[in-house]
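First comes the structure, then the notes that go with it.
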Amino acid sequence: MSFNRLIGVGFILVVIGAVLPFLIVLRYVPSTFLLNFLAYTTSTVGIFVTVLGVALYVGKERKKQRGDDWHDH
């Protein structure tokens, strides 16, 4: 999976993890244990996926900038 897709999926998960508690507080969605756990999980997984995507992007750009041929074979 490319780093652009990882960053996009992570961003969507973080947004879902932020909007869901907001909807629960406004009482548009009932507060259940499963829904609260889902909101927490999507937010946490989204942050990790986004950080992974950014780390892959930075590593690729550094390797390209340095001209590192060692791992290209």
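For mean projected area of the Cα convex hull in nm², pick the label among (1) 5.8; (2) 5.1; (3) 6.7 that corresponds to the value derived from the coordinates. Checking each listed value against the structure points to (1). For the chain, the longest principal axis of the alpha carbon atoms and the long axis of helix 3-25 meet at an angle near 20°.
Loop sites only, by DSSP: take the chymotrypsin sites (Phe, Trp or Tyr not before Pro) in the chain that have at most 12 other C-beta atoms within 10 Å and name the longest stretch containing none of them.
29-69
Candidates Gly17, Thr44, Val58 compared by Cα position along the dipole of the chain: farthest toward the positive end lies Gly17, with charges placed on Cβ.
When the trypsin sites (Lys or Arg not before Pro) in the chain are filtered for DSSP coil states and for at most 13 other beta-carbon atoms within 10 Å of their beta-carbon, the remaining sites are Arg27.
Coordinate-derived values only; no laboratory data. Since we're looking at a predicted model, the values are computed, not measured. Counting neighbours? That spans all protein chains shown, and the Cβs are built from the backbone with ideal geometry, glycine included.
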